[in-house]
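Have a look at the structure below, then the notes.
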Amino acid sequence: MRYRLDPAAEAEAARGNLLGGLYTGGVASLAHAYRSGWGPELNVYVEIPRDSALFPLLSAGAGLACALFTVALVVRVARLRIALSQRRQARDPVKALLLPPSAEHGAALRRSRPGRATLGNVLGLVLAWVAIPLAMVGLGILLTPERMGQREEDAILFASVATGVGLVVLIVVGVDVTRRRLLAWQVRKLSQDPAFAELMPPATAALSRYRAPVVPELRITNYAPPGDVIFGLPKVSATRNVFGLPPLNIAYFRLFENELRMRDFVKGAFRRWGYVHLLRSAASVRRSDLVRMRRAGTLGNLFVASDQRMRRELDARSFEPLPRGFHLLRDVGGRALPVWDFKGGYPMSAFLCHGAYWKRAVDTLLDLADLVVIDLSGFQKENIGTGYELQRVIDRYPVHRVVVLADTGSDTGYLTTHVRNAWSRMAPGSPNAGHGTRTLLVGQVPVGGHRATYHILSHAQKRLR
């Protein structure tokens, strides 16, 4: 199975199919029995002869519906057995790692796929744009031909033009989406090209093969903050953030392809709490930059591939807070992200790293960070890169300074299983090792609920004291 089944939902669906099968089967049986002469003939208010053509059709239609309900019932019972088996496996920490997440777990991720939402929205508009004129013209010609008269040709011309315009818009958007996907594919291919990687010692980027001698208990706190606005916050300055405290350095990790969550993060409170540092995705590279570097023969400068280059990038970052107003943030997602900062904000630093260097870049960001935010919305065991970042955070960073984000559709049981598995593999020398209990904060923020991040940070700053 691609996703984990819910026993309650499957049982409810099986019950509905059973009732539907019994109802339609009963209707088919009664219609067949009446036509065969069983029971008195109905002639109280209206006479219904037994040889009416209605009964064969009714019996056949209800019988077919009963057969379909029966097939659906068999399928639902099989799915219910699988769901119960998955629930039993989820109680075993080892077997639970092999289970998939729930169906809603990756909803935001599926909507974030490059161009998927754009194509879906445009396709819906185009279909409406094309279908409505065609339907109006067709109904006018069929139902009221005498009123159409000479306007029939004009109506057909209008419908044809509308259809042509809609198809042109769909083709233009499809070409743009395809172009962006090809560009991201080219950049990912270049990021794996060893010709653009510099020689470096990989020791600090490798996960430890050993485990900490004492792994403490991990307590996971799931926090669903309210989505209201916090009033009375001060403006951002070079010395004070939106909570009136010195600005922090925030390392942000997430699934590259989860654009919806990236937008929510950018619009949320984190940029108003401190300087955000993150790794860029291949989709954030503009074609103009790629073409310019190809022509100049400086394509290797596209990637951060050495400690020296990483230090230069960090030294060159801006420390000047952004003023209150509208800003267009580039190099952080597939498209420039428009934001309106009512209280100002701090600039974001995004680093496009070569495939041979990004793990060392993770260490650099962890060394710099005062707070680590890792968004696990849509995370699955196949996301090796995010899994590495999660393990690295546990191995090298105090967990009380970590905030895990998840959307409200995320399978928290699935995420908890994989977080605890990474926790059990904690490396020796981790600041989280030792006796006692550690607490990890998991903030559940709905897609589009970026205002809730103010409450998360207000909750998290108590842990930093």
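The values are calculated or read from the model by the stated rules, or taken from the named source; none is laboratory data. Everything quoted here is computed from the prediction, not taken from an experiment. Heads up, the Cβs are rebuilt from the backbone with ideal geometry, glycines too, and the neighbour counts pull from every protein chain shown. The accessibility values were calculated without ligands, DNA or RNA, using every heavy atom of the protein model including side chains. Shrake-Rupley method; radii C 1.70, N 1.55, O 1.52, S 1.80 Å.
The strands (runs of 3 or more DSSP E) found entirely in the stretch 264-359 that carry 1 or more residues being free of Cβ contacts under 8 Å to residues at least 24 places away in the same chain and over 28 Å from the mean Cα position of the chain (by Cα) are 325-329.
Scanning the stretch 401-426 for residues that are more than 18 Å from ASP375 (Cβ to Cβ) and open to solvent by less than 10 Å² (accessible area, probe 1.4 Å) yields a single hit, MET426. Every condition in (1) farther than 25 Å from ALA108 by Cβ; (2) not in a helix (DSSP H, G or I) is met by ASP367 except one, and the failing one is (2). Remark: pairs (first residue in the stretch 395-423, farther than 23 Å from MET262 by Cα and in contact (Cβ under 8 Å) with a residue 24 or more places away in the chain; second residue among the polar types (S, T, N, Q) and part of a helix (DSSP H, G or I); Cβ separation under 9 Å; 6+ apart in sequence or on different chains) = ALA422/GLN391. Hey, does the stretch 267-277 have a residue that's touching a Pro at 6+ places or on another chain (Cβ under 6 Å) and open to solvent by less than 10 Å² (accessible area, probe 1.4 Å)? Yes, because at least one residue in the stretch 267-277 is touching a Pro at 6+ places or on another chain (Cβ under 6 Å) and open to solvent by less than 10 Å² (accessible area, probe 1.4 Å).
For the stretch 323-355, filtered to residues that are surrounded by fewer than 19 Cβ atoms within 10 Å (Cβ to Cβ) and among the charged types (D, E, K, R), the residue that is modelled with the lowest pLDDT is ARG335. Regarding the stretch 182-203, can at least one residue be identified that is touching a strand residue (DSSP E or B) at 6+ places or on another chain (Cβ under 9 Å), within 20 Å of PHE303 (Cβ to Cβ) and either open to solvent by less than 20 Å² (accessible area, probe 1.4 Å) or among the basic types (Lys, Arg) (or both)? Looking for residues that are touching a strand residue (DSSP E or B) at 6+ places or on another chain (Cβ under 9 Å), within 20 Å of PHE303 (Cβ to Cβ) and either open to solvent by less than 20 Å² (accessible area, probe 1.4 Å) or among the basic types (Lys, Arg) (or both), one finds at least one in the stretch 182-203, hence yes. Note on the stretch 371-400: among residues that are under 19 Å from the mean Cα position of the chain (by Cα) and surrounded by fewer than 17 Cβ atoms within 10 Å (Cβ to Cβ), the one that is nearest to SER281 (Cα to Cα) is GLY385.
Yes/no per residue for (1) more than 20 Å from ALA356 (Cα to Cα); (2) at pLDDT below 75:
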{"residue": "ALA159", "(1), (2)": "yes, yes"}
{"residue": "GLY166", "(1), (2)": "yes, yes"}
{"residue": "LEU170", "(1), (2)": "yes, yes"}
{"residue": "TRP185", "(1), (2)": "no, no"}
{"residue": "THR204", "(1), (2)": "no, yes"}
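Condition check: touching a strand residue (DSSP E or B) at 6+ places or on another chain (Cβ under 7 Å), surrounded by 16 or more Cβ atoms within 10 Å (Cβ to Cβ) and aliphatic (A, V, I, L, M). Does VAL447 satisfy that? Answer is no for this residue. Filtering the stretch 220-263 to residues that are crowded, with 20+ Cβ neighbours inside 10 Å, assigned to a strand (DSSP E or B) and β-branched (Val, Ile, Thr) leaves only ILE250. Looking only at residues in the stretch 29-65 that are in a helix (DSSP H, G or I), open to solvent by less than 50 Å² (accessible area, probe 1.4 Å) and at pLDDT below 85, which one is nearest to VAL77 (Cα to Cα)? Out of the qualifying residues, it is GLY61. Before we move on, is GLY409 out of contact with any Asp or Glu (no Cβ under 7 Å at 6 or more places or on another chain) and either in a strand (DSSP E or B) or of a type in the set (Gly, Ala, Ser) (or both)? No: the conditions fail for GLY409. Just to be sure, is LEU368 open to solvent by 10 Å² or more (accessible area, probe 1.4 Å), touching a His at 6+ places or on another chain (Cβ under 9 Å) and within 22 Å of LYS95 (Cβ to Cβ)? So LEU368 does not fit the description; no. The number of residues in the stretch 450-465 that are hydrophobic (A, V, I, L, M, F, W, C) and either open to solvent by 30 Å² or more (accessible area, probe 1.4 Å) or more than 15 Å from GLY268 (Cα to Cα) (or both) comes to 1. Of all residues in the stretch 221-244, those being touching a Gly at 6+ places or on another chain (Cβ under 9 Å) and of a type outside the set (S, T, N, Q) number 9.
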